[in-house]
Amino acid sequence: MTILDTVDGLTGQTIVDLTRRHTIFEWSAQAAVDPIPVAGAKGCWFWTPEGKRYLDFNSQLMCVNIGHGDERVVRAIQQQAETLAYANPFMATEPRARLGRKLAEVCPGDIDVFFFTNGGAEANENAIKVARMFTGRHKVLSFYRSYHGGTAGAVMLTGDPRRWPAEPGMPGVVHVLNPYHGIQRGWDTADVALARIEETIQLEGPHTIAALFIEPVTGTNGVLVPPEGFIRGIRDLCTKYGILMVADEVMSGFGRTGEWFSVDHWRVVPDLMTMAKGLTSAYVPLGAVGMRRAIADYFQEKVFFGGLTYNSHPLGCAAALATLQVYEDDRLIENARRMGDLMKELLAGLEARHAIVGAVRSLGLFGIVELVKDRASMEPLAPFNGTSEPMKRLAKFFREEGLYTFVRMNTFFTNPPLIITEEELRHGFDIIDRGLFAAEAGQDKDKDSGVRS
Ligand SMILES: Cc1ncc(COP(=O)(O)O)c(C=O)c1O
């Protein structure tokens, strides 16, 4: 590297070439990755070194909830770095003290004690430990359509195909079916879904089950907003059998759904709650396990067997405190609700105009579109765990038009930062609208020329 490299910066192409040569991209065969070089970001936008701008319709990885480059959070990180960049986790620091108190204020019910981690997967790893230690039981239940992280235990909790290459892993994980069965089979009622879970609990032996992990609104597996009565029913089942209810709010928390946490929609208090992403809006890494007072009290006399060098990292805690202040000062949770109402209308508009839209779902600013070949068959536009030429063409269209969002299997997401304005939201949906018209035209062309998608 020359001095000039650091002064002038690298070109987008050089950044891409070097990152591809010397670093590994996640969940991908490396030859297939085609990253966007990112030089900077502000608000709902980011840009390349050459100045191509993208509207960030996925808050990067559903995490930059307050938007990019908020000076208040940047200053808090700078000030903390100058005062005390690090203290080991056996120390007590001011940002840690303040953050614990603040989270106790915003978390539901008597969840008012927290163990801080580096991210969501570690939060779930530690939630497994806490549940096992507290109950003395070893099994954990989770859903097939779920993602709980990429580390050894969390990836076993994960029900989706990202688990498969890690198997056989941690024993004692049992997966249960969600109320949703894909675009062709649709939804169970809450009663049917709950009865199936209760049957699994009975067959596994309730006295062997420490915890049931749920994403109250499932994230990457489809923004699955559960049927009315489901989350309360899960709470009741857990209480009935002495199983800890663990709400993974890593993606659905911190205003994403128009409440502080998605469980708040149903006024349910889980026993443990895991969080990350929106906690700091990803300005620096931080995750947490929140626990109800009775569970925390257990560790007054019993050892908490868990540790991380970066537990309660001062920079993470300071960033989280400043981020939580931004949610409050700028009334971002209210904005997520208001813009979420508009997004629901815009999603419904897509469904009305485009025959390839099989379903739309959203809660707050957590949204998804499922694409199908046609509404008669409801066959997904890409197979489960795969992609297709039409989905690739759509992703390419979004990218060329300056819209960044997450495209997965037969779906794409609409998860902008909570600061998004009406104008920006409409701009994003205008690109999506044109992309879907182009996809439909492409499909007709494929049909005429006999190409199978
Ligand atoms: C619901 C959920 N849980 C856990 C995780 C893992 O978090 P992390 O990537 O910070 O380890 C994610 C990440 O996307 C998630 O969506």
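With the structure loaded, tell me whether Met343 is under 27 Å from Phe46 (Cβ atoms) and among the aliphatic types (A, V, I, L, M) or whether it fails that test. So Met343 passes the test. Selection of the range 158-185 for residues being part of a helix (DSSP H, G or I) and either without any contact (Cβ under 8 Å) to a residue 24 or more places away in the chain or of a type in the set (Gly, Ala, Ser) (or both) yields Arg163, Trp164, Pro165, Ala166. Residue count for the range 206-236, restricted to those that are assigned to a helix (DSSP H, G or I), closer than 19 Å to Ile128 by Cβ and more than 16 Å from the ligand (Cβ to nearest atom): 3.
For beta carbons closer than 9 Å, sequence separation of 6+ or different chains, a first residue in the range 248-260 that is farther than 24 Å from Val140 by Cβ and polar (S, T, N, Q) and a second that is open to solvent by 20 Å² or more (accessible area, probe 1.4 Å) and within 15 Å of the ligand (Cβ to nearest atom), the qualifying pairs are Thr257/Val225; Thr257/Leu363. From the list Val284, Val289, Val246, the one residue that fits, being of a type in the set (A, V, I, L, M, F, W, C), buried (at least 17 other Cβ atoms within 10 Å of the Cβ), within 16 Å of the ligand (Cβ to nearest atom) and outside any strand (DSSP E or B), is Val284.
Residues of the range 84-99 that are under 22 Å from the mean Cα position of the chain (by Cα) and surrounded by fewer than 22 Cβ atoms within 10 Å (Cβ to Cβ): none at all.
A count restricted to the range 128-157 and to residues that are in contact with a strand residue (DSSP E or B) (Cβ under 8 Å, 6 or more places away or on another chain), part of a helix (DSSP H, G or I) and open to solvent by less than 50 Å² (accessible area, probe 1.4 Å) stands at 6.
Annotation note: Cβ proximity below 9 Å between a residue of the range 209-221 that is under 16 Å from Arg196 (Cβ atoms) and among the basic types (Lys, Arg) and a residue that is within 10 Å of the ligand (Cβ to nearest atom) and open to solvent by less than 10 Å² (accessible area, probe 1.4 Å) (sequence gap 6+ or interchain) occurs for no pair. The helices (runs of 4 or more DSSP H) located wholly in the range 1-108 that include 2 or more residues which are within 16 Å of the ligand (Cβ to nearest atom) and under 23 Å from Thr274 (Cα atoms) occupy 59-62. Pairs only if they're at least six apart or on different chains, beta carbon under 7 angstrom, first in the range 38-67 and over 22 Å from Ala320 (Cβ atoms) and of a type in the set (Gly, Ala, Ser), second assigned to a loop (DSSP other than H, G, I, E, B) and at pLDDT 95 or above; list them, first residue then second. Pairs that qualify, where the first residue is over 22 Å from Ala320 (Cβ atoms) and of a type in the set (Gly, Ala, Ser) and the partner is assigned to a loop (DSSP other than H, G, I, E, B) and at pLDDT 95 or above, are Ala39/Thr48; Ala39/Pro49. Applying a threshold of 7 Å to beta carbon distances and a minimum spacing of six or more residues, or different chains, the list of pairs starting in the range 424-448 at a residue that is free of Cβ contacts under 8 Å to residues at least 24 places away in the same chain and ending at one that is surrounded by 14 or more Cβ atoms within 10 Å (Cβ to Cβ) is empty. Residues being within 16 Å of the ligand (Cβ to nearest atom), touching a Gly at 6+ places or on another chain (Cβ under 6 Å), at pLDDT 95 or above and open to solvent by 50 Å² or more (accessible area, probe 1.4 Å) are entirely absent from the range 309-325. Every residue in the range 259-274 that is surrounded by 24 or more Cβ atoms within 10 Å (Cβ to Cβ) and either within 9 Å of the ligand (Cβ to nearest atom) or not in a strand (DSSP E or B) (or both), please. Matches in the range 259-274: Phe261, Ser262, Val263, Pro270, Asp271, Thr274. Restricting the range 355-384 to residues that are among the aliphatic types (A, V, I, L, M) and out of contact with any strand residue (DSSP E or B) (no Cβ under 7 Å at 6 or more places or on another chain) leaves a set whose member that is farthest from Met339 (Cα to Cα) is Ala376.
Look at (1) at pLDDT 95 or above; (2) open to solvent by less than 40 Å² (accessible area, probe 1.4 Å); (3) part of a helix (DSSP H, G or I) and you find that Ala438 fails only one, number (2). Taking the range 230-254 as the range and being within 24 Å of the chain's Cα centre (by Cα) and among the hydroxyl-bearing types (Ser, Thr, Tyr) as the test, only Ser252 passes. If the condition is being crowded, with 22+ Cβ neighbours inside 10 Å and either in contact with a Pro (Cβ under 7 Å, 6 or more places away or on another chain) or free of Cβ contacts under 8 Å to residues at least 12 places away in the same chain (or both), then the range 339-369 contributes only Leu365.
The values are calculated or read from the model by the stated rules, or taken from the named source; none is laboratory data. Quick caveat, the model's predicted, so the values are computed rather than measured. Here the Cβ is made from the backbone with ideal geometry for all residues, glycine too, and neighbour counts use every protein chain on show. For accessibility, only protein heavy atoms count, side chains too; no ligands or nucleic acids. Shrake-Rupley method; radii C 1.70, N 1.55, O 1.52, S 1.80 Å.
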